[in-house]
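Remarks on the structure that follows.
The values are calculated or read from the model by the stated rules, or taken from the named source; none is laboratory data. These numbers were taken from a predicted model, which means no experiment stands behind them. Here Cβ is always computed from backbone atoms with ideal geometry, including for glycine, and neighbour counts include all displayed protein chains.
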Amino acid sequence: MPKKLQDTTAKAVENLPQWPSFGRLAMTCDGVFKPITGSFGALPRNARGAIWVIIAGLFFTVMTALIKMIGDTIPVVQILLFRQMVMTCTVMPVLVLGFPGSLKTNFLKLHLARVMFAVVGMTCGFTALVNLPLAEATALGFAKSLFVAIFAVLLLREVAGPRRWFAVVIGFVGILIMTQPGGGGFNIYSLLAIAGAASAAAVMVIIRKISQFERPVTIISYQSILVGLIMIPPTLVYWVQPSLYEWLVMAAIGVLSVFGQLANIQGFKEGNASAVAPMDYTRLVFAAMIGFLLFGEIPEWTTAIGAGLVIATSLYTVRAEARAGESAL
């Protein structure tokens, strides 16, 4: 890595505790995961970061499996509301200390758009998880990187060369192979998974835009407050009284979401983003294993080939963005 980029990365990590949301969560990681950290503390930083991202992927995959387990009886919006409540509790001190100043913004429309895309993305994505094989839903979710590349050009006026566009096209060929439109493999839930990936990409692009001007506490405040409020009305309409088992599973979903975020933060704190980010794709391996063990799912050959194309092209776009970032420094 060039010296200038190293200095910039180091400075960002040093300033992390000043960020009222993720900074405090990152400092929490050291205490929460200290027993685990000691076991591979002698490894290089990128190796440690990669391990943390893999651990985060395992947490997130188990979380999605739990959503799938109770999704047939508990509405997705109800699961999402409870998950959001648990996650909001982790940043509650930040929200309380910053309120109401944290809501002051000149970009209200962008915040509202981001929240709406987040709600649509989570609802579509989790509905797909409940109804599709776990590995297929996870693989389709990786299409997010392809949509980010498109939205960044259209909305942020970023420049993409022919090779980047070729990679995006190949990635969508992978999606077509997985979904098999016009064949027996395509259904509405495949479309929901793609819609969820596109919405998540829109969220990332909006964050990239407003993070240049907004404090992280403002971004987190709108997310934490509005997502929960939006989820309340549909939850009341479709409310199902959970059993004790389902309450415990929903609590576990929220806790795993928090621990997954913490592990992810720790991973990117330890290693360089371009080195550790590809480890997120290990979630597909976990999804295939858990899908087979818990739900008896055996991935189709179309899922394997399509997922391979999506992951390969996503990795290419990530590397291309990393190289573009280095040349801009």
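Just checking, does the range 60-83 include any residue being without any contact (Cβ under 8 Å) to a residue 12 or more places away in the chain, outside any helix (DSSP H, G or I) and out of contact with any Leu (no Cβ under 8 Å at 6 or more places or on another chain)? Walk me through how you get there before you give the answer.
Let us first name the residues in the range 60-83 that are without any contact (Cβ under 8 Å) to a residue 12 or more places away in the chain, namely none.
No, that holds for no residue.
When you scan the range 41-58, how many residues do you find that are surrounded by fewer than 21 Cβ atoms within 10 Å (Cβ to Cβ) and of a type outside the set (Lys, Arg)? Step through it out loud before you land on a result.
Going through the range 41-58, the residues surrounded by fewer than 21 Cβ atoms within 10 Å (Cβ to Cβ) turn out to be 41-48, 54, 58.
Then drop every residue that is not of a type outside the set (Lys, Arg), which leaves 41-44, 46-47, 54, 58.
Summing the residues that are surrounded by fewer than 21 Cβ atoms within 10 Å (Cβ to Cβ) and of a type outside the set (Lys, Arg) in the range 41-58 gives 8.
Can you tell me which residue among ILE225, ILE232, ILE210 is over 19 Å from GLN84 (Cα atoms) and β-branched (Val, Ile, Thr)?
Unique residue meeting the criteria: ILE210.
Considering only the range 85-95, I want to know if a residue exists there that is over 16 Å from the mean Cα position of the chain (by Cα), in a helix (DSSP H, G or I) and closer than 16 Å to PRO234 by Cα.
yes
So for the range 1-10 (the condition being among the small types (Gly, Ala, Ser), over 30 Å from ALA139 (Cβ atoms), modelled with pLDDT under 55 and over 22 Å from the mean Cα position of the chain (by Cα)), does at least one residue qualify?
yes
In the range 96-124, which residues are touching a His at 6+ places or on another chain (Cβ under 8 Å) and not in a loop (DSSP other than H, G, I, E, B)? Please lay out each step first, then the result.
Initially, the range 96-124 is screened for residues touching a His at 6+ places or on another chain (Cβ under 8 Å), giving 105.
The answer is none; no residue qualifies.
Looking at the range 36-68 only, could you name the residues that are of a type outside the set (Lys, Arg) and over 20 Å from the mean Cα position of the chain (by Cα)?
Passing the criteria: ILE36, THR37, GLY38, SER39, PHE40, GLY41, ALA42, LEU43, PRO44, ASN46, ALA47.
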